[in-house]
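Student: Handing you this structure, nothing more for now.
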Amino acid sequence: MSALLVVAVSAEGCPPAVVDVNQPVVAADDLGLTRGDGCFEGLRLVRQDGDGGGVVVPNLEAHLARLQRSARALELPEDPTAWARALDVAAQEWAGGFPEAGEAAVKLSVTRGRPQPAGAPPQPTVVVTVSAMDPGSLRARREGIAVASMTRGYSPDAFAGAPWLLGGVKTLSYAVHTSAQREAARRGAHDALFVAADGSLLEAPTASVLWVPGPGMLRTVAARENGILGSTTQHLLFERAVRAGWRTEETTGTLHDLRDAHLVLFTSAVRGPVRVVQLDGEPVSQHAGAAALTAELQALAGF
């Protein structure tokens, strides 16, 4: 059974509208479908407590800003107001139609739309989907995950001076990412961790890697010339962690650093920070305080 709950679509300049979840929403020649030409954001809807029962999208401004940067890199129209409007239409439909749900997963996609005559501006297709939370994501928050490392096949500075490679852009082209997750599953793991050709850490297919090397210090991989995506959830967590007395650092790292760390986390906007309990078949994050640290950092991130 599909976990899809709500679909809202805006195409060729039309205002966003909710459609049946089984209704086709893109043309057969939409360039997002045929070439992966577009960008997206993964977000979360959260129902607020209280009589009002309102719905919020955590860290929305940061997500819209990142989508705007992705659209700019792809030379697509930047229209965060229209994107927010489509999100709101879908959010209100979910809030009224699924009152028992406390949170949901959202994907906001912007494709180049249908092919246009030479010189004509693109007419993007905007699609917002709202899905039930994946039980595996909820379980990962509680129990942690096993991870398999694998090479991304390029040097850590491969994206230097090459903006056409779209480093740090959240494009629709995720075939490599999902292939890596299938390989991780073949190895008995829940998720993958990419490393560069020299062994330096990069990112997970849909998450950033963080680690606690010692008391009060939180680190992640800096998004520089390595092509990794800057994480909205990681940035929010770092801001709040600093206010809570942590020291934070964006740096480089290796698998050895993760094996020695008090705690290793994968973090993303929908799943949130989850503890990595196994790396390439070996236990990690086994420090006596790892469970308490996980709970603290999850709370700081809003999970």
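Student: For the chain, what does the relative contact order come out to in percent, with C-alpha contacts under 8 Å and a separation of six or more? List each step's numbers first, then the result.
Tutor: Details: 618 pairs, mean separation 53.8, N = 303.
Dividing the mean separation by the residue count of the chain yields 18 percent.
Student: In addition: Regarding the range 138-301, what are the three Cα extents along the principal axes, ordered largest first, in Å?
Tutor: 42, 35, 28
Student: Could I ask something else about it? Output ³J(HN,Hα) for the range 274-284: one whole-Hz value per residue in order, computed from phi by the Karplus curve 6.51 cos²θ - 1.76 cosθ + 1.60 with θ = phi - 60°, and x for Gly and Pro.
Tutor: Computed from phi, the couplings for the range 274-284 are 10, 6, 8, 9, 8, 10, 6, x, 10, x, 9 Hz.
Student: What is the angle, in °, between the Cα long axis of helix 232-243 and the longest principal axis of the Cα atoms in the chain? Nearest 10 is fine, range 0 to 90.
Tutor: So the helix axis and the longest Cα principal axis differ by about 50 degrees.
Student: Now for a separate question. If you average the C-alpha positions of the range 92-168 and of the range 237-254 separately, how far apart do those two centres end up, in angstrom?
Tutor: That distance is 24 Å.
Student: Check V55: other-chain or 5+ apart residues with amide H under 5 Å from its amide H, H built from backbone geometry?
Tutor: Q48
Student: Enumerate by residue number the GluC sites (Glu not before Pro) in the range 1-86 meeting two conditions: DSSP loop (anything except H, G, I, E, B), and at most 11 other Cβ atoms within 10 Å of the site's Cβ.
Tutor: E12, E75
Student: Next question. Calculate for the chain the 222 nm mean residue ellipticity that helices alone would give, adding -39,500 (n - 2.57) per DSSP H run of length 4 or more and normalising by residue count, nearest 500 deg cm²/dmol. Let's see the in-between values first.
Tutor: Numbers: 8 runs with 88 residues, N = 303.
The helix-only estimate for the chain comes to -9000 deg cm²/dmol at 222 nm.
Student: In terms of modelled amide H atoms, which long-range or inter-chain residues lie less than 5 Å from the amide H of E203?
Tutor: F194
Student: Suppose the Debye formula is applied to equal point scatterers at every Cα of the chain; what is log10 I(q)/I(0) at q = 0.08, 0.09, 0.14, 0.15 Å⁻¹?
Tutor: Here the Debye-derived log intensity ratios amount to -0.36, -0.46, -1.12, -1.26.
Student: Something else: T248's amide H: which non-local residues (gap 5+, or another chain) put their own amide H closer than 5 Å, with H modeled 1.01 Å from N in plane and none for Pro or chain starts?
Tutor: Correct list: L218.
Student: What does DSSP give for the chain in terms of the percent of beta bridges that are antiparallel, rounded to the nearest 5?
Tutor: Within the chain, antiparallel bridges account for around 75 percent of the total.
Student: I'd like the Karplus ³J(HN,Hα) series for the range 77-93: coefficients 6.51, -1.76, 1.60, θ = phi - 60°, whole numbers in Hz, and an x wherever there's a Gly or Pro.
Tutor: Along the range 77-93, the couplings run x, 9, 9, x, 5, 5, 5, 5, 5, 5, 4, 5, 4, 5, 5, 5, 5 Hz.
Student: Within 10 Å, count the other beta carbons around each residue, average over each peptide in 200-206, 181-187, and list them highest first. Could you put the intermediate results ahead of the total?
Tutor: Numbers: 200-206: 21.4, 181-187: 14.1.
Per-residue mean Cβ counts within 10 Å order the peptides as 200-206, 181-187.
Student: Just to confirm a number: summing +1 for Lys and Arg and -1 for Asp and Glu over residues other than L218 whose beta-carbon lies under 14 angstrom from that of L218, what do you get?
Tutor: So the surrounding residues net to 0.
Student: With charges only on Cβ, +1 for K and R and -1 for D and E, what is the dipole size of the chain about its Cα centre, in debye, rounded to 20?
Tutor: 320
Student: At a 10 Å Cβ-Cβ cut-off, how would you order T252, T129, fewest neighbours first?
Tutor: On the way: T252 15, T129 21.
Final ranking by Cβ density, sparse to dense: T252, T129.
Student: If you plug each phi of the range 60-72 into the Karplus form 6.51 cos²θ - 1.76 cosθ + 1.60 with θ = phi - 60°, what whole-Hz ³J(HN,Hα) values come out, in order, with x for Gly and Pro?
Tutor: 4, 4, 5, 5, 5, 5, 5, 5, 5, 5, 5, 4, 5
Every number in this text was worked out from the coordinates using simple rules, so none of it is lab data. For clarity, every value in this text was computed on a predicted model and none was experimentally measured. Reconstructed Cβ throughout: ideal geometry from the backbone, glycine too, with neighbour counts over all protein chains shown.
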